[in-house]
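Below is one structure, written out as structure tokens, with a few remarks after it.
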Amino acid sequence: MKLKILSSALAVLLVASHALAAEAKKEARVTQIIRDVKLLPADASARAAVVNDRVADDTGVRTGGESRSELTFADFTITRLGANTIFSFNRAGRNAQVDSGSILLRVPKDSGGGRIKTSAVTVAVTGTTVILESARGRNKLYVLEGGARVSLVKYPKQFQDVRAAQMVDVPPGATTVPVPVNIDLNDLMSKHPLITGFPPLPSRDLIAAAARQPPPPSGPSIVPIIPVINVLGGVNVGPRGPSRNPNPPGQPPGQHPPAQPSPGPRGPVVGPVTGQGPGVVGPSKTTPTPPPVILRQAPGQTRVPGTTNTQNSPKTSATPSRRVPKKTTPPNNGPR
């Protein structure tokens, strides 16, 4: 009988310890306070926070001007709050609500991820260290390591994926999320108030590795225009293919323009062959074309234009002369 009672008591203690451990995992511990930080319990009045205070789910935290604080959870999820920030959380700090101010959230990898929500944007993170600044409807997201997705509360289908060493600036009243831009991580880590004055982050090695990597692609993808070499001479930058309008203006469809007269034969080539046509390389030298022969036109003659060879030119005909009738002399029959 006593054995049964002892076993039941041990079972109750075991269940209670598991429950307490589960509750402890959901709580945060205040690990740093700079100036004015207050806790806002749901069922009690606000009170000043002190280091090692336990902060339960749905308990708000508010910082004053030029004040900062840090909360650490059991799985080393870290939340840092900047000045004039109103913050609350649930799911062991994985879901954070920021009404105003700035927050740094570090979520360990393989821990289920987390989410930060403001009045305008939602930031989803998985094994990431990010900083979110929210003021007067403007939201700036900085990704220190890992990656995050930022979407609009009013337009959830509008989102952007932000990589390490990038940031995105969402203006008030935005209907689309701007394209992320690259940032200098080393400069951010040396100046941001949620980094300076605090102990090193557990993800500092990952942040340092991200700072050493080449910057990720920024902005919209641009397809370069590759010049197309025209073998007939010149360079085309447009797409190759048949013309959309093969007929010149004024030409009826279906009719081909008249063939252009081909240039006359070139003179004999001297030296290496070259030119503008395909497969022609090296400089060219041609014999000069002889000057045209100018012929004087005799009176009454016609000359065929466009020819300079007198041997092959057609014969000219002279204008026929007028025939003058001869006067006949009467026969002399002697004196009459």
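Brief remarks follow.
- All conditions in (1) more than 17 Å from G101 (Cβ to Cβ); (2) touching an Asp or Glu at 6+ places or on another chain (Cβ under 9 Å); (3) free of Cβ contacts under 8 Å to residues at least 40 places away in the same chain hold for S134, with the sole exception of (1).
- Positions within region 93-120 being touching an Asp or Glu at 6+ places or on another chain (Cβ under 7 Å) and under 17 Å from V61 (Cβ atoms), in sequence order: S102
- Only residues that are out of contact with any Pro (no Cβ under 9 Å at 6 or more places or on another chain) and touching a residue at least 40 places away in the same chain (Cβ under 8 Å) were counted across region 184-217, and they come to 18.
- Options P156, P199, P171; residue that is closer than 17 Å to R80 by Cβ and loosely packed, with under 13 Cβ neighbours inside 10 Å: P199
Residue by residue, here is whether (1) at pLDDT below 55; (2) exposed (fewer than 15 other Cβ atoms within 10 Å of the Cβ); (3) in contact with a helix residue (DSSP H, G or I) (Cβ under 7 Å, 6 or more places away or on another chain); (4) closer than 20 Å to Q97 by Cα holds:
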site: I5; (1), (2), (3), (4): no, yes, no, no
site: L10; (1), (2), (3), (4): no, yes, no, no
site: V15; (1), (2), (3), (4): yes, yes, no, no
site: V37; (1), (2), (3), (4): no, no, no, yes
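- If only residues of region 54-91 that are surrounded by 20 or more Cβ atoms within 10 Å (Cβ to Cβ) and charged (D, E, K, R) are counted, the one that is farthest from P193 (Cα to Cα) is R62.
- In region 141-166, residue nearest to the chain's Cα centre (by Cα) [restricted to those that are within 18 Å of A210 (Cβ to Cβ) and either basic (K, R) or in a loop (DSSP other than H, G, I, E, B) (or both)]: R163
- Qualifying positions in region 110-125 - over 12 Å from A148 (Cα atoms) and modelled with pLDDT of 85 or more: K117, T118, S119, A120, V121
- Filter pass, V130 being in a loop (DSSP other than H, G, I, E, B), crowded, with 22+ Cβ neighbours inside 10 Å and of a type in the set (V, I, T): no
- Residues within region 79-120 that are within 15 Å of V143 (Cα to Cα), assigned to a strand (DSSP E or B) and of a type in the set (V, I, T), tallied: 3
The values are calculated or read from the model by the stated rules, or taken from the named source; none is laboratory data. Since the model is a prediction, treat every value here as computed from it, not as a measurement. We place every Cβ from the backbone using ideal geometry, glycine too, and count neighbours over all the protein chains shown.
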